[in-house]
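A short write-up of the structure that comes next.
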Amino acid sequence: MTAIPLAVDLDGTLILTDTLHESAVRALRSHPLQALQIPLWLAQGKAHLKQRLASLTDFDASALPYNHDLIVWLKEQRAQGRRLILCTASDRLMADAIASHLGIFDEVMASDGVHNLSARHKAAALKERFGHFGHKGFDYAGNSADDLPVWTEARHAIVVNASVSVQRQAREYCEVEKEFLSLSSHAGALPSVLRMHQWLKNLLLFIAPLAAHQTPGADLSSMLLLAFFSFSLCASAVYIANDLFDLDSDRHHPRKRRRPFASGRVSVAKGVVLFPLLLLNAFLFAIPVGSAFVGWLLFYFLLTCAYSWSLKRVVLIDCLVLAMLYTVRIIAGAAAAGISLSFWLLAFSVFLFLSLAFVKRYAELKTQADVGRDHAHGRGYWTSDAPLVQSLGITSGYAAVVVLALYLNSDAVVKLYQQPAVMWSAVPVMLFWISWMWMKAHRGEMHDDPLLFAVRDKASLLSGCAFALVLFMATRGLAW
């Protein structure tokens, strides 16, 4: 007896993402002017929209987040003689590429630019295609409410990555042969989506008032707190946009592929909704802080967008922009506090953060080299550039220490510190920390983000405490 064929859905079932949503994001990133025509394409039908988006951008079928448990089971079914059909509402161009990559499907049924093979249309197509097997002549693997009409015509349902309500309804429509638990993890994923651990960087907003020895009163504290949350929400919005635009690059990275959007744990659609909500609230928090702060926040947002859109792919410019993004936080903190920014603090910050930006890029290049790649995906660097990047970064770090030493020899130190001579102890502390960070990066022990590495690293924390102790003693007039 011939085995009943098994039709398998694509989006949310075989892969843990939606090809239409990803195609739209890729089009917006790569062809923003053409992407403006999306409403016009949609007016001509969803199938037409899918076809235009699929033909507009390239994608790597090998990098998609596949449902590996389902694929293992499908291979077992094929080994037993079952005919497997990839049946999807996605455009045929994408479906064929995915089927070719997996090599387990005997046939592909997909949208063709005219007919959108979804819900009842998919059910009718499968019923007609396999009617010769008799009533309910096929089994079907799906995941969403759109698959319910298909299951009414199927013999058995394979429920994959579905919500509780869809699981319940599927049992009412036909016999469930097998269930695969949901791999999406929305609960508890919000901190990871927002990258709340990155909010630590926004403590840089407090640097300028502290460096000016301003005592934070109630008004200043409230302004700085509003500024902190404003920058944090804005940064989270940009991180989401960056993750959406950088899906392919993240999926080629050993660690970044586990990010919520790249791994499929959180849908692209949710990111598209979150982005404007976070950005709106960021500027609502910023308005009470003052127009100067709002201006710097806007500059930060535009610069991060330019970085995510294209500048991150330009050699050296990417690191300069990263250094500027760190420094802008200090400038914005000064604007929120209503104080003038010291030339010395600005110069020190630029060189220090440029060094840390090179650390970040060097660590990425070393990671890519360790897995045998000759270039960093989505970046303008070859892995062979790592020694040069290392040299540039170490030089920038030591330049920051030189700026610190020159500052300690200026008249400004005498005005701010009762024991200026004690401040010279900060120089060897900074020399050690910068050398230590580069030593860890050279050994391949550096997290992709050096600031986050520093707050978890014992030597870095001890260096920070030593630096703070030096500042305290110099300010209070205490000598060694």
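The values are calculated or read from the model by the stated rules, or taken from the named source; none is laboratory data. Just so it is clear, the model here is predicted, and its values are computed rather than measured. Because the Cβ atoms are built from the backbone with ideal geometry, glycine has one as well, and the counts that use them run over all protein chains shown. Ligands, DNA and RNA are excluded from the accessible area calculation, which covers all protein heavy atoms including side chains. Shrake-Rupley method; radii C 1.70, N 1.55, O 1.52, S 1.80 Å.
Phi angles across region 258-264 convert, under the Karplus curve 6.51 cos²θ - 1.76 cosθ + 1.60 with θ = phi - 60°, into 3J(HN,Hα) values of 8, 4, x, 6, 5, 7, x Hz, Gly and Pro given as x.
Peptides 459-468, 254-263 ordered by packing proxy, namely the average of other Cβ atoms within 10 Å per residue, highest first: 254-263, 459-468.
Give me the percent of the accessible area of the chain that comes from carbon and sulfur atoms, probe 1.4 Å, all protein chains in place.
Reported share for carbon and sulfur atoms: 63 percent.
In this structure, Phe283 and Thr395 have a Cβ-Cβ separation that, at R0 = 41 Å, corresponds to a calculated FRET efficiency of about 0.60. Simple rule: put +1 on each Lys or Arg Cβ and -1 on each Asp or Glu Cβ in the chain, find the dipole, and look at Leu462, Gly444, Leu247; the Cα lying farthest toward the positive end is Leu462. The phi-based Karplus calculation (6.51 cos²θ - 1.76 cosθ + 1.60; θ = phi - 60°) puts the 3J(HN,Hα) values of region 52-60 at 5, 5, 5, 7, 7, 10, 9, 8, 9 Hz, whole numbers, x for Gly and Pro. Projecting label points 7 angstrom from Cα along Cα→Cβ for Cys305 and Arg255 puts them 3.0 nm apart.
A straight Cα-to-Cα reach below 18 Å connects Lys75 with the lysines Lys178, residues fewer than 8 places away in its own chain not being considered. The charge dipole of region 114-174, taken about its Cα centre with unit charges on the Cβ of Lys, Arg, Asp and Glu (plus for the first two, minus for the last two), comes to roughly 80 debye.
Each Lys and Arg adds +1 at its Cβ and each Asp and Glu adds -1 at its Cβ; summed about the Cα centre, region 1-133 shows a dipole of about 300 debye.
Between Ala269 and Ser163, the distance separating the two model label sites (each 7 Å from Cα on the Cα→Cβ line) works out to 0.9 nm. If R0 is 60 Å, the Cβ-Cβ spacing of Leu181 and Trp424 corresponds to a FRET efficiency of close to 0.45.
Identify the residues of region 375-417 with backbone N under 19 Å of a label point that sits 7 angstrom from the Cα of Leu210 along the Cα-to-Cβ direction, or state none. Only 401, 404-405, 408, 413, 416-417 pass the distance filter.
Applying the criteria of a DSSP loop state and at most 16 other Cβ atoms within 10 Å to the trypsin sites (Lys or Arg not before Pro) of region 387-477 yields Arg443, Arg456. Note on Lys312: lysines with a C-alpha under 27 Å away, same-chain residues under 8 apart excluded, are Lys201, Lys256, Lys270, Lys360, Lys366, Lys440.
Of the beta bridges in the chain, as assigned by DSSP with both residues counted there, near 10 percent are antiparallel. For log10 I(q)/I(0) by the Debye sum over Cα atoms at q = 0.06, 0.08 Å⁻¹, the value computed from the atomic coordinates appears in the list [x] -0.29, -0.52; [y] -0.55, -0.80; [z] -0.37, -0.60 under label [z]. Compared with the dominant principal axis of the Cα atoms in the chain, helix 19-30 is inclined by about 40°.
When Glu172, Glu128, Glu107 are compared by accessible surface with a 1.4 Å probe, the order from highest to lowest is Glu128, Glu172, Glu107. The charge dipole of region 2-78, taken about its Cα centre with unit charges on the Cβ of Lys, Arg, Asp and Glu (plus for the first two, minus for the last two), comes to roughly 280 debye. For Met109, the amide hydrogen comes within under 5 Å of the amide hydrogens of Leu86, Cys87, Thr88, counting only partners 5 or more places away or on other chains and with H modelled in the peptide plane.
Using the rule -39500 (n - 2.57) for each DSSP H run of four or more residues, divided by the residues of the chain, the 222 nm mean residue ellipticity is -19000 deg cm²/dmol. Take the alpha carbon gyration tensor of region 270-414, find the square roots of its eigenvalues, order them as a ≥ b ≥ c, and report rounded if a/c is under 1.5; if not, report prolate when a/b exceeds b/c, else oblate. Here region 270-414 falls in the oblate category. The residues of the chain present an accessible area of 45 Å² per residue when probed at 1.4 Å with all protein chains retained.
When both region 286-319 and region 188-264 are represented by their alpha-carbon centers, they are found 13 Å apart.
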